[in-house]
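Accompanying notes for the structure given below.
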Amino acid sequence: MMASAKTWLERIRKLPLPEKIRIMNVCGGHERSISAAGIRGALPPQIELIPGPGCPVCICPEEDVYEAIHLALEEDVILVTFGDMLRVPVNVSRRDVRSLEQARAAGADIRPIASPTEAAAIARDNPERAVVFFAAGFETTMAPVAAMLCEGAPENLFMLLSGRLTWPAVAMLLDSGEPGFDALIAPGHVATVMGPEEWSFVVEQHGLPAAVAGFTSESLLAAMYSVLRQYIEDRRFLDNCYPEVVREDGNPAARARLEQAFDVGDANWRGIGTIPGSGFALKPWLAQRDSVTAFGHHGGEERKRAGQMPKGCDCAKVVLGKIYPNQCRIYGLACTPRTPVGPCMVSDEGACRIWWSNGIRNRDVA
Amino acid sequence: MCLAIPMQILEVDGFNARCEAKGVEREVSLFMLQDQTVEPGEFVMVHVGYAIQKVSAEDARSSWELFDQMLAAEDA
């Protein structure tokens with residue numbers, strides 16, 4: 001039986017903490033749990049919890065969203081995507097269609113889905129139409145997308161793929177020399193699929209404490225206690241504080257589907273740039289399902305360098321954990337969940353949206 | 001988006017299972033648990049309609065408490 005959250009907090013409070021220690025999480029689910037449970041406020045002030053790159057919608061390249069919007073507007077297709085993507089704005093004038101939601105209002109056939117199986121079902125129910133699945137997500141989500149493709153999807157289902165691997169973004173931060181954190185809480189459900197070992201580079205190559213955490217306060221606090229002890233005792237190892245779900249080798253069947261369906265290559269992250277080996281791409285046997293092969297480009301390709309975060313929006317810094325959400329220049333001013341400017345205020349996994357939803361209204365002007 | 005919710009298996013039919021959580025029933029794919037045996041009564045973590053791992057009943061319960069707490073905080 002695992003210790004209670006209160007016990008973990010007491011253990012953390014008794015530690016001989018350094019003057020300041022920054023612990024980064026890289027999962028929107030972790031940030032939601034931390035914010036909802038008020039963990040930040042309950043911890044000693046020396047501990048800073050930094051939300052890092054944990055939101056696949058937030059880093060989905062602007063050119064991909066633009067491509068999806070114009071594909072849906074200009075071709076006779078049904079475009080399906082996870083609901084979070086609908087309100088993500090692209091950087092065009094307010095007179096133009098700025099999001100999939102607006103494209104839908106303008107007549108495009110765009111349908112939110114909650115599962116890759118729905119994409120396949122919509123394609124099966126509409127054999128005379130082409131269905132394009134615009135899929136953004138990290139490993140946890142891309143494994144089900146791969147499974148759906150491997151199981152045998154209808155021929156009229158095409159893919160616009162914006163899947164990403166999580167760990168290369170952390171590797172990029174660590175390689176930059178100014179990672180901005182001293183310890184890492186690794187994402188529990190990414191590790192459920194990929195196995196915890198994927199995160200051992202944090203310890204072995206960079207000497208930072210790391211622990212895989214689940215999503216309850218107990219699991220998150222256990223992971224925080226683990227990395228704090230590792231730091232204080234100078235004894236670094238990759239801890240698994242979510243063993244009830246994260247097995248030693250992850251989920252081999254899920255990983256096999258990822259390998260069967262996708263290659264891994266360099267990929268663009270919105271506001272960040274190209275991260276080596278961080279993007280999923282269709283394997284050659286699925287090439288005929290590529291929406292670009294089937295329908296050509298719709299303006300996304302030309303936007304590759306122009307398409308970044310909106311003007312005035314600090315989402316890029318928020319995603320990389322360089323600033324807190326309420327340190328953004330427009331947090332709570334021009335940008336709220338009702339009128340989101342940047343993707344971090346759109347997605348349920350975005351740090352800005354999470355902080356706002358949990359009642360953080362004050363701006364902290366750095 | 002990497003959120004996974006524990007559900008109890010009601011019925012298994014090949015790679016498909018009818019699952020239940022808090023009175024809500026859903027079709028869930030077991031395609032990614034095909035190297036494990038999954039039986040009615042057991043619990044699985046479900047992400048975007050796919051079971052990604054089996055869990056114990058006790059762990060399923062603690063995850064549900066977490067979601068209640070999280071939704072309550074965000075509604076407030």
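Taking region A:286-344 as the search range and keeping residues that are basic (Lys, Arg) and free of Cβ contacts under 8 Å to residues at least 60 places away in the same chain, which one is surrounded by the most Cβ atoms within 10 Å (Cβ to Cβ)?
Applying the first criterion (basic (Lys, Arg)) to region A:286-344 yields A:289, A:303-305, A:311, A:317, A:322, A:329, A:338.
Of the ones still in play, those that are also free of Cβ contacts under 8 Å to residues at least 60 places away in the same chain are A:305, A:317, A:329, A:338.
Working: A:Arg305: 9, A:Lys317: 19, A:Arg329: 15, A:Arg338: 7.
Only one residue fits best here, namely A:Lys317.
Which of the residues spanning region A:183-221 are at the interface with another protein chain (Cβ under 8 Å from one of its Cβ atoms) and among the polar types (S, T, N, Q)?
A:Thr192, A:Thr216, A:Ser217
Tally up the residues in region A:11-38 that are in a helix (DSSP H, G or I), open to solvent by 10 Å² or more (accessible area, probe 1.4 Å) and either within 14 Å of another protein chain (Cβ to nearest Cβ) or under 30 Å from A:Pro56 (Cβ atoms) (or both), please.
Final tally of qualifying residues: 4.
May I ask you to say which residue of B:Gln69, B:Gln53 is open to solvent by less than 40 Å² (accessible area, probe 1.4 Å), in contact with a helix residue (DSSP H, G or I) (Cβ under 7 Å, 6 or more places away or on another chain) and either in a loop (DSSP other than H, G, I, E, B) or over 24 Å from A:Pro112 (Cα atoms) (or both)?
After ruling out the rest, the residue left standing is B:Gln53.
Quick one: would you say A:Leu79 is of a type in the set (A, V, I, L, M, F, W, C) and open to solvent by 40 Å² or more (accessible area, probe 1.4 Å)? Can you show your working first?
Values: of a type in the set (A, V, I, L, M, F, W, C): yes; open to solvent by 40 Å² or more (accessible area, probe 1.4 Å): no.
Taking the combined requirement at face value, the residue does not satisfy it.
Which of the residues that make up region A:252-285 are open to solvent by 50 Å² or more (accessible area, probe 1.4 Å) and among the aliphatic types (A, V, I, L, M)?
A:Val264, the sole residue that qualifies.
I need the full set of residues from region A:93-140 which are free of Cβ contacts under 8 Å to residues at least 60 places away in the same chain, within 30 Å of B:Ala51 (Cβ to Cβ) and of a type in the set (Asp, Glu), in order please.
Once the filter is applied, which keeps residues that are free of Cβ contacts under 8 Å to residues at least 60 places away in the same chain, within 30 Å of B:Ala51 (Cβ to Cβ) and of a type in the set (Asp, Glu), region A:93-140 yields A:Glu118, A:Asp125.
Counting only residues that are within 9 Å of the chain's Cα centre (by Cα) and within 12 Å of chain A (Cβ to nearest Cβ), which one in region B:19-48 is most open to solvent (accessible area, probe 1.4 Å)?
B:Phe43
Please verify whether region A:161-172 includes one or more residues that are among the polar types (S, T, N, Q), away from chain B (no Cβ under 14 Å) and assigned to a loop (DSSP other than H, G, I, E, B).
no
When the residues of region A:125-141 are narrowed to those that are out of contact with any Cys (no Cβ under 7 Å at 6 or more places or on another chain) and under 28 Å from A:Gly279 (Cα atoms), which ends up farthest from the other protein chains (Cβ to nearest Cβ)?
Per the criteria, the residue is A:Ala130.
The values are calculated or read from the model by the stated rules, or taken from the named source; none is laboratory data. What you see is a predicted model; the values in this text were computed from it and never measured. So basically every Cβ, Gly included, is an ideal-geometry build from the backbone, and we count neighbours across all protein chains shown. Please note that ligands, DNA and RNA were not included when accessible areas were found on the heavy atoms of the full protein model with its side chains. Shrake-Rupley method; radii C 1.70, N 1.55, O 1.52, S 1.80 Å.
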